[in-house]
Amino acid sequence: MPVGWGVMKQGKLLTGGLASLARELRGDEWRGTRYTILVDENSFNHCLPQLVAGVDALESAEFIEVPTGEECKSLEVAAQVWQTLIEGGADRSHALVCLGGGAVCDLGGFVAAGYMRGIRHLLVPSTLLAMTDAAIGGKTAIDFGGVKNSVGHFYPPVATVIESAFCASLDARQLACGEMEMVKTAAVCDPGLYDRLLRCGTPGHGEIVEVARLKRRIVAADPHDTDVRHILNLGHTFGHAIELHHGLEHGLAVGAGMLVAMYLSVRKCGLPVDVYNTYLQWVGGKMELPRHSLRDIEAMLPLMHHDKKNHDGSLRCVLLRGIGEAMIDVNVDDNEVRDAMLNASKPTPLN
Ligand SMILES: NC(=O)c1ccc[n+]([C@@H]2O[C@H](COP(=O)([O-])OP(=O)(O)OC[C@H]3O[C@@H](n4cnc5c(N)ncnc54)[C@H](O)[C@@H]3O)[C@@H](O)[C@H]2O)c1
Ligand SMILES: [Zn+2]
């Protein structure tokens, strides 16, 4: 951790939906605050009406609409939001309410961290992935220089609000993206929750809150992502390559990447084979698993090595000894990756 960094406080987790945000904003520390709500087209259409109707303090808030999804995570869009705030006379007492998926939350945190050296912001995630992952943990980011999330801060919101009713307008793929990351978070440290998520069909408010709390516990142990927080990268070395090569959404690619990690975990770390088979059945029911030809794998290997290269040229991956028992920095060589990518998605990998 760089010298001088204090322990990062994560802000509150308001689990009672918009009603809990309404209560929070009636508190003395918010008296006289002006708010700007950041939205994209979908959160504007599907969520903004409920937010302003349900939270009296936001009734007359201004809003700024940014491009939808990942498009908004750019320096140009951040600069436009800063410009609008300046023109509207926003000072250091202003607060930014980020209503949207992980992209709007990442951008909003970035904008808040920079404006007037830091103004307060609230995250109101509107996708399952953002409720359980992106809006938890204090990271902000924009994409810069052609590299995703290359510029950002650790700048936690004053509060993250879980309003699970916003999931109603998500389609099946968007829901599956969130479910993959939820299952990942449970897989690395909570066997009971992992089992429940695999059995529950579509997660409800209870599961969403449980995963959000679990991620907060992991973040609390390593706020600046220097060691144990790395367990949250389960499936991501393979997932990132699958995302880029096959053009899959991040969450789905991570779901497929976790299968590769589980296969390797059976081979190298003693993960029981029935754990792999149970996951295979679950993930196969949620998405069409990508097939990787040898040519695909050769194209993906450099993508995996790009950020995870070890001194000896092997990859360092998060694998599992069991559900709830993650191992960080396990060396995996290219032949093991080839075997896993070719064969993961077949039952019983040891046959
Ligand atoms: N900061 C972190 O720790 C962290 C962690 C994980 C992911 N992320 C970031 O989060 C982003 C991914 O988040 P995401 O999956 O939410 O993607 P997203 O924000 O791009 O949202 C996905 C799509 O859903 C739409 N949408 C949002 N709410 C909706 C609603 N209620 N109904 C219908 N449509 C809705 C969005 O407009 C978008 O088109 C990435 O940029 C990723 O880098 C950040
Ligand atoms: Zn992820």
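Of all residue pairs spaced 6 or more apart or on separate chains, those with beta-carbon atoms under 6 Å, a first member in region 97-109 that is in the same structural domain as residue 85 (by TED's automatic domain parsing) and a second member that is surrounded by fewer than 24 Cβ atoms within 10 Å (Cβ to Cβ) and among the acidic types (Asp, Glu) are 100/40; 103/70; 104/40.
Residue count for region 257-268 under the criterion of being closer than 18 Å to residue 186 by Cβ and away from ligand 1 (no atom under 16 Å from the Cβ): the result is 4.
Matching residues to (1) touching a His at 6+ places or on another chain (Cβ under 6 Å); (2) within 16 Å of ligand 2 (Cβ to nearest atom); (3) under 26 Å from residue 240 (Cα atoms); (4) among the aliphatic types (A, V, I, L, M):
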{"position": "85", "(1), (2), (3), (4)": "no, no, no, yes"}
{"position": "92", "(1), (2), (3), (4)": "no, no, no, no"}
{"position": "107", "(1), (2), (3), (4)": "no, no, yes, yes"}
{"position": "118", "(1), (2), (3), (4)": "no, no, no, no"}
{"position": "131", "(1), (2), (3), (4)": "no, yes, yes, yes"}
{"position": "134", "(1), (2), (3), (4)": "no, yes, yes, yes"}
{"position": "148", "(1), (2), (3), (4)": "no, yes, yes, no"}
{"position": "152", "(1), (2), (3), (4)": "no, yes, yes, no"}
{"position": "165", "(1), (2), (3), (4)": "no, no, no, yes"}
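The set of residues in region 201-212 that are crowded, with 16+ Cβ neighbours inside 10 Å and in contact (Cβ under 8 Å) with a residue 40 or more places away in the chain comprises 203, 205, 208, 209, 211, 212. Can you name the residue in region 19-54 that is more than 16 Å from ligand 1 (Cβ to nearest atom) and either part of a loop (DSSP other than H, G, I, E, B) or modelled with pLDDT under 95 (or both) and, of all such residues, is surrounded by the fewest Cβ atoms within 10 Å (Cβ to Cβ)? Across region 19-54, the extreme among qualifying residues is 32.
Scan region 275-287 and give yes if some residue there is within 22 Å of residue 252 (Cβ to Cβ) and without any contact (Cβ under 8 Å) to a residue 24 or more places away in the chain, otherwise no. Within region 275-287, one or more residues are within 22 Å of residue 252 (Cβ to Cβ) and without any contact (Cβ under 8 Å) to a residue 24 or more places away in the chain. Filter region 156-175 down to residues that are within 10 Å of ligand 1 (Cβ to nearest atom) and not in a helix (DSSP H, G or I), then give me how many there are. Count: 3. Exactly one residue among 76, 87 is farther than 20 Å from residue 117 by Cβ, at pLDDT 95 or above and surrounded by fewer than 16 Cβ atoms within 10 Å (Cβ to Cβ), and that residue is 76. Within the option set 126, 169, being farther than 21 Å from residue 240 by Cα, in contact (Cβ under 8 Å) with a residue 60 or more places away in the chain and surrounded by fewer than 19 Cβ atoms within 10 Å (Cβ to Cβ) holds for one residue only, 169.
Check 234, 264 and return the single one that is modelled with pLDDT of 95 or more and over 15 Å from residue 344 (Cα atoms).
234
Of the residues screened, residue 107 is not one that is more than 7 Å from ligand 1 (Cβ to nearest atom) and touching a strand residue (DSSP E or B) at 6+ places or on another chain (Cβ under 6 Å). Checking each residue in region 129-158 for being more than 13 Å from the chain's Cα centre (by Cα) and crowded, with 22+ Cβ neighbours inside 10 Å picks out 142, 156, 157. For region 207-222, the set of residues classified as under 15 Å from the mean Cα position of the chain (by Cα) and either under 17 Å from residue 328 (Cα atoms) or within 12 Å of ligand 2 (Cβ to nearest atom) (or both) consists of 215, 218, 219, listed by residue number.
In region 274-300, the residue that is nearest to residue 181 (Cα to Cα) out of those that are aliphatic (A, V, I, L, M) and buried (at least 16 other Cβ atoms within 10 Å of the Cβ) is 283.
Hey, can you tell me all the residues within region 238-251 that are away from ligand 2 (no atom under 11 Å from the Cβ) and either within 23 Å of residue 140 (Cβ to Cβ) or out of contact with any Pro (no Cβ under 8 Å at 6 or more places or on another chain) (or both)?
Across region 238-251, the qualifying residues are 238, 241, 244, 245, 247.
The values are calculated or read from the model by the stated rules, or taken from the named source; none is laboratory data. All values derive from a computational prediction rather than experimental measurement. So basically every Cβ, Gly included, is an ideal-geometry build from the backbone, and we count neighbours across all protein chains shown.
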